[in-house]
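The values are calculated or read from the model by the stated rules, or taken from the named source; none is laboratory data. Worth saying up front: this structure is predicted, and the values here are computed from it rather than measured. Here the Cβ positions follow ideal geometry from the backbone for every residue, glycine too, while neighbour counts run over all protein chains shown.
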Amino acid sequence: MRAYDESYLNDAMDTLGEMLDYAIIDCGYGADEFFGWFTSSGIAEQFEKGNPKFVAGMSGVELAREVIFRTTGRREVRPATQPLDRSPEYWTGWILAYYQWCRALRFADIADGGLPPSAVLSRYILHEADITKFVETADRALASRRKHPTPLASIRRNRGMTQQELSDAAGVSLRMIQLYEQRQNDLSKASVSVVLALAHVLGCKPEDLLKS
């Protein structure tokens, strides 16, 4: 069941688009790092529940600043630029808001399942296609990951941890965990300290993470 009425959807999509545009372009944060802050700050959960304050009551810049403050304790004051054309970063937030609403998924599950902002950015070519094209592509991507998860992803999910939580606890960057789970980087070639740190947090043997 969708958390909020479709009449709020355009505002929600615009807000998330502006949020990522400001955080990435104006403030220089990494797309996946900032999105991890968004999902761990509690704000994503309010968005998912359709809380009007976050869905339609704040601008994207205000939302980004609130995420940054809740995560770092710092007040972000850098001004927002006003680009003539919508950026790929804006489209990424815009389409993620639509997909979350359409499928009633958690933002963290979308990112953990194989569609963090960096992966969505790589599909920017779809911005000219009908919005349903992205939905179909996203559905396939998430389904593929559910069928063929890496040992790291399987064990993490069984422990009820998000990628961000594992990153924070193990001291391994969120981006590296995503690359290992997406099979873009080979965990067996990582340093021993990284494998040991992940295994310690997950409560498993290091070799359990390296099985094919």
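Descriptive notes on the structure:
- Residue in the stretch 81-89 that is outside the structural domain of I177 (by TED's automatic domain parsing), of a type outside the set (S, T, N, Q), in contact (Cβ under 8 Å) with a residue 60 or more places away in the chain and buried (at least 19 other Cβ atoms within 10 Å of the Cβ) present: yes
- Some residue of the stretch 133-150 being among the small types (G, A, S) and in contact with a Leu (Cβ under 9 Å, 6 or more places away or on another chain): yes
- When Y8, Y98 are screened for being over 30 Å from K147 (Cβ atoms) and of a type in the set (F, W, Y), only Y8 passes.
- Within the stretch 44-57, restricting attention to residues that are in a helix (DSSP H, G or I) and over 14 Å from E18 (Cβ atoms), the residue that is nearest to the chain's Cα centre (by Cα) is A44.
- Unmet requirement for I131, which otherwise passes all of (1) under 30 Å from D85 (Cβ atoms); (2) under 18 Å from the mean Cα position of the chain (by Cα); (3) in the same structural domain as W91 (by TED's automatic domain parsing); (4) among the aliphatic types (A, V, I, L, M): (2)
- The lone criterion from (1) under 24 Å from D139 (Cβ atoms); (2) modelled with pLDDT of 95 or more; (3) part of a loop (DSSP other than H, G, I, E, B) left unmet by G28 is number (1).
- Selection of the stretch 120-133 for residues being crowded, with 20+ Cβ neighbours inside 10 Å and over 20 Å from S41 (Cβ atoms) yields an empty set.
- Residues (of a type outside the set (F, W, Y), in contact with a Phe, Trp or Tyr (Cβ under 9 Å, 6 or more places away or on another chain) and buried (at least 17 other Cβ atoms within 10 Å of the Cβ)) located in the stretch 52-70: V55, A56, G60, V61, L63, A64, R65, E66, V67, I68
- Total residues in the stretch 183-210, condition surrounded by fewer than 17 Cβ atoms within 10 Å (Cβ to Cβ) and within 26 Å of E45 (Cβ to Cβ): 1
- Residue, surrounded by the most Cβ atoms within 10 Å (Cβ to Cβ), within the stretch 30-43, restricted to residues that are more than 10 Å from the chain's Cα centre (by Cα) and within 12 Å of R65 (Cα to Cα): I43
- In the stretch 58-104, residue farthest from the chain's Cα centre (by Cα) [restricted to those that are among the acidic types (D, E) and in a loop (DSSP other than H, G, I, E, B)]: D85
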